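**Student:** My questions all concern the structure below.
No lab work stands behind these numbers, since they all come straight from the coordinates. Since this is a predicted model, take the numbers as computed values, not measurements. Here Cβ is always computed from backbone atoms with ideal geometry, including for glycine, and neighbour counts include all displayed protein chains.
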Amino acid sequence: MTDEGKANSYQADGNHYTLPYAAEWYGIIYNKKIVNDYASKDYAVIDSADDIKDWDTFKAVVEDMQAHKDDLGIEGAMATPGLESSDLYRFASHMTRIPLFYEYKDNNTTFMPEIKGTYVDNYKALFDLEMNNCPTSRTLLTSKTYEDVTAEFSLGEVAFYPNGVWAYTQVKDNEVADKDLGMLPYFMGIPGEEKYGPAGIYDASWAVNKNASEKDKQATFDFIEWLFSSDEGKKVMSQDMGFAVPSTAYGDKDQPDNPLTAAARKYETNGVPMVRSFSTLDAWGADVQDALVEYVNQTGKWDAVADAYTNGWAKEWKTFEDTNGVLPEATTLNGDEQ
């Protein structure tokens with residue numbers, strides 16, 4: 001396994017119990033053609049897309065692009081933050097993990113049953129930026145589906161789209177060429193975030209049932225070894241199924257044909273650490289998303305989102321502990337993440 005693969009294996013008591021087999025990443029996908037077209041304008045605040053290296057620059061670019069959207073021939077700088085159920089995962093699950101990672105990092109841990117919500121206002125800053133610089137009015141955000149907002153980006157109507165490498169299947173063969181697909185980290189204005197790349201997800205993992213027969217266990221191990229080491233197995237994983245496998249046996253030629261995956265992996269190959277996506281509870285995310293919908297509809301305030309994020313976190317993990325009798329084991333972060 002790669003170091004990232006090892007770090008994202010389920011661990012307890014110093015042992016590893018799962019084998020991650022698919023690495024995925026999410027960040028702020030962008031259309032290089034639109035951004036570089038903007039950068040060529042006299043009014044632009046950057047000279048090229050490569051100048052977007054921190055929150056302040058990203059925010060300035062988004063707001064300036066929105067102000068000049070008619071001249072640029074776009075509908076908005078950012079894709080609509082759709083809050084219809086099919087699109088809510090981007091905000092209730094993935095985006096919530098960014099401030100969580102940095103709070104864990106501050107405490108050099110991989111789990112806390114209680115959090116302070118140190119960076120929840122940074123989450124608000126990015127969400128507000130999306131809401132105020134997209135093609136859709138605030139009153140219609142809850143009606144916009146995943147398909148709707150993905151189409152905005154794939155048809156070249158917006159420059160930026162926070163999402164993951166999996167979006168490529170909907171983006172390809174439309175109005176954005178593969179060579180024009182790039183990915184930025186989730187910039188929110190959190191101190192030190194410019195040192196990190198996009199967020200990595202390693203949720204897809206294998207484990208072997210210790211109560212299975214010895215024959216079945218051995219057959220499983222043999223099959224996994226074949227997938228990880230043989231040319232045919234690697235083709236099945238990387239090309240047929242499109243997985244970026246976190247194994248050192250997989251070289252550059254053994255990667256999926258996905259330009260977003262290539263853009264994300266480039267950070268790692270350049271030595272830039274990825275944001276870790278730590279486990280969250282579905283009930284917690286549901287409470288955050290409900291408060292977020294109220295905030296967007298102006299029937300609730302941001303304080304309710306922050307409360308769902310912080311106090312809701314402690315409540316849901318307490319319920320988990322009462323139900324299951326255990327909590328995730330907390331370990332220290334490794335390497336550059338300490």
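**Student:** Take the Cα of residue 63, step 7 Å along the line toward its Cβ, and report every residue of region 108-146 whose backbone nitrogen sits under 18 Å from that point.
**Tutor:** 121-135
**Student:** A further question on this structure: Strictly greater than 30 Å: what percent of every Cα pair in the chain meets that?
**Tutor:** Value for the chain: 39 percent of Cα pairs lie more than 30 Å apart.
**Student:** May I pose another question? Give me the one-decimal nm value for the distance between modelled label points at residue 71 and residue 311, 7 Å along each residue's Cα-to-Cβ direction.
**Tutor:** 4.8 nm
**Student:** Would you please state which residues of region 36-65 a label at residue 132 would reach in this model, taking the label point 7 Å out along Cα→Cβ and a backbone N cut-off of under 13 Å?
**Tutor:** 59-64
**Student:** Here's a follow-up. Of the chain, which part is the longest with no GluC sites (Glu not before Pro) in a loop (DSSP not H, G, I, E, B) and with at most 14 other C-beta atoms within 10 angstrom?
**Tutor:** 176-328
**Student:** Extending each Cα 7 Å along its Cβ direction at residue 143 and residue 109, get the distance between those two points in nm, one decimal.
**Tutor:** Here the modelled spin labels are 4.5 nm apart.
**Student:** Let me ask something else. Residue farthest toward the positive end of the dipole of the chain, with Cβ of Lys/Arg at +1 and Asp/Glu at -1: which of 30, 285, 113?
**Tutor:** Selected residue: 113.
**Student:** What is the magnitude of the charge dipole of the chain about its Cα centre, with +1 placed on the Cβ of each Lys and Arg, -1 on the Cβ of each Asp and Glu, and no other charges, expressed in debye to the nearest 20?
**Tutor:** Computed about the Cα centre, the dipole is about 420 debye.
**Student:** Helix 120-132: angle to the longest alpha-carbon principal axis of the chain, degrees 0 to 90, nearest 10?
**Tutor:** Taking Cα atoms only, the helix is inclined about 50 degrees.
**Student:** Based solely on its DSSP helices, what 222 nm [θ] is calculated for the chain when runs of n ≥ 4 H residues each add -39,500 (n - 2.57) and the sum is averaged over all residues, nearest 500 deg cm²/dmol?
**Tutor:** Mean residue ellipticity, 222 nm, calculated: -12000 deg cm²/dmol.
**Student:** Are there chymotrypsin sites (Phe, Trp or Tyr not before Pro) in region 1-73 that DSSP puts in a loop and that have at most 14 other Cβ atoms within 10 Å, and which ones?
**Tutor:** Those satisfying the criteria are 17, 43.
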